[in-house]
1. Using only the Cα atoms, what convex hull volume per residue in Å³ does the stretch 96-135 have?
2. Over 19 Å between Cα atoms, which of 98/129; 31/89; 42/79; 31/95; 42/149 qualify?
Amino acid sequence: MKRLLSILLLALTSLTVAAQHETDFALHFMKTYAQGTSLTCKTVSPTMMSAMLQSDAINKDTESLLRQIRSVRIISNDKISETQTLHEKAEALIKANKGRYQLYDTFDGKNLYTRKRGDTFVEVVLITKQEGHLYIIDLTGSMTEAFIKEITNS
């Protein structure tokens with residue numbers, strides 16, 4: 001019995017470690033399409049998220065939202081001539097992974113996709129074109145339905 005529990009614990013630990021090293025959409029998109037384009041990716045790391053939570057400027061509502069986010073990646077491009085092609089590639093890539101990402105909502109020309117594990121949202125991806133540029137905002141963490149509704153104001 002102890003051996004079975006040990007094996008089960010080891011399996012769960014390795015699954016947890018593997019899940020933490022999953023590639024998010026933003027990283028996959030950058031690896032696939034960034035070379036030869038004006039795409040850039042900015043990351044707000046878990047360390048920075050933690051520092052933000054320490055700030056006195058954060059109110060309780062904002063703090064409860066930030067606690068659900070592990071990291072934020074923001075992808076954008078500089079060359080307007082690339083925007084339409086890159087937008088189409090982003091949508092095609094996310095649709096090619098339809099088993100992983102589901103369309104959550106469409107509003108104001110923006111598409112919001114989610115990836116869930118059980119009832120928890122582990123990734124939220126917003127793809128949009130604004131003022132001639134592509135923007136992809138990728139949030140990872142352990143997010144609730146209420147969190148999604150709060151950030152989309154729905």
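1. Working: hull volume 2.8 nm³, N = 40.
Spelled out: Cα convex hull of the stretch 96-135, divided by residues, is 71 Å³.
2. Listed pairs above 19 Å: 98/129; 42/149.
Throughout, read-outs are computed from the coordinates displayed, never taken from laboratory work. None of the values given here were measured: they were computed from a predicted structure.
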